[in-house]
1. Provide the per-residue ³J(HN,Hα) series for segment 80-93, in order, calculated from phi with Karplus coefficients 6.51, -1.76, 1.60 and θ = phi - 60°, each as a whole number of Hz, with x at glycine and proline positions.
2. If you average the C-alpha positions of segment 81-108 and of segment 160-199 separately, how far apart do those two centres end up, in angstrom?
3. How many Å² of accessible area per residue for segment 119-169, probe 1.4 Å?
4. Starting from the Cα-Cα distance between L175 and A255, subtract it from 0.36 nm times their residue separation and give me the gain in nm to one decimal.
5. Over segment 76-130, what number does the Rg to Rh ratio reach, with both radii from the alpha-carbon atoms and Rh per Kirkwood?
6. With N denoting the number of residues in segment 170-257, provide Rg(C-alpha) divided by 2.2 N^0.38 Å, to two decimal places.
7. So between W155 and E205, what do we pick up on full extension, going 0.36 nm a residue minus the alpha carbon distance?
8. Label points 7 Å out from Cα along the Cβ direction at D84 and E247: separation in nm?
Amino acid sequence: MRVLLFVSLLALLFLALPGQPGFPQSDDLKALRKEIDALKEEQRALRKELQDLTSSLRERGGPAARDVRDLMIGVGQSPSKGNDAAVLTLVEFSDYQCPFCGRYARETSPQIQREYVSTGKLKYVFRDFPIESIHPNAFKAAEAAHCAGEQGKYWEMHDRLFTNQSALSPAQLVLHGQAVGVDAEPLRQCLDSGKYAAEIRKDLEDGQKAGVRGTPTFFLGLTDAKTGQFRPVKMIVGSQPYTSFKEAIDALLAAPK
């Protein structure tokens, strides 16, 4: 569909060249050129994202969920949901502009929250992994979620951002905050300060060390009831269907502890 539109716009641009009678030569031509440039940029971004995804899949291969060993992934002060004493923990590394992350947030996550988090069987932890090379607004969106958290609205902002992935400019982030009940001025000041940038960079660093190459990537593992330490057992890559998560979670719940 985008290719056909692109070709059509090129044809119109040709007709609009000097010497072609009966066609606008000024503002309309500028608007067409601007739209063509925007389409070219979108094509470049989509091509880059497809290349990254293809490379990532080639690197990983194998099943959606695979065993991992000797990993240390901190959960610390990262945003979380559920019972801190739950036997299992699911850690997600995600990007607010990633379409696959958005699909997971809309389709799969609600089922996991309902069946495992709300019932106390699973603790859910969110860590940021904005891929700035292809998602230029993702980093600031991650900051906005943390800033909203200062007013007790982290998860509301989290959900709002994933629902509005095509509208994540700095000005729009403030509007999203207001929509979930966050005061605009403190949110704006927090965003301008960049106070959460280091924390997000740390998430990126930890994710890369753990083998995260794309988003979303999940680590499912056991939580020590005494120490609270998290020991990853399974790595789940991509926006997998709920059944993939259910199979991995149920298997660990049933395994001898």
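The values are calculated or read from the model by the stated rules, or taken from the named source; none is laboratory data. Values in this document were obtained by computation on a predicted structure and should not be read as measured data. Virtual Cβ from ideal backbone geometry, glycine too; neighbours counted across all protein chains shown. In case anyone asks, the SASA skips ligands and DNA or RNA and just uses the protein heavy atoms, side chains included. Shrake-Rupley method; radii C 1.70, N 1.55, O 1.52, S 1.80 Å.
1. 9, 10, x, 7, 4, 8, 4, 5, 10, 10, 10, 9, 10, 9
2. Each part reduced to its Cα centre gives a spacing of 20 Å.
3. Values: 1760 Å² over 51 residues.
Averaged over the residues of segment 119-169, the accessible area is 34 Å².
4. 24.2 nm is the gain from fully extending L175 to A255.
5. Values: Rg = 11.4 Å, Rh = 11.6 Å.
My calculation puts Rg/Rh at 0.98.
6. On the way: Rg = 18.2 Å, N = 88, 2.2 N^0.38 = 12.1 Å.
Taking the Cα Rg and dividing by 2.2 N^0.38 Å, one obtains 1.51.
7. Result for the pair: 15.7 nm of gain on full extension.
8. 3.5
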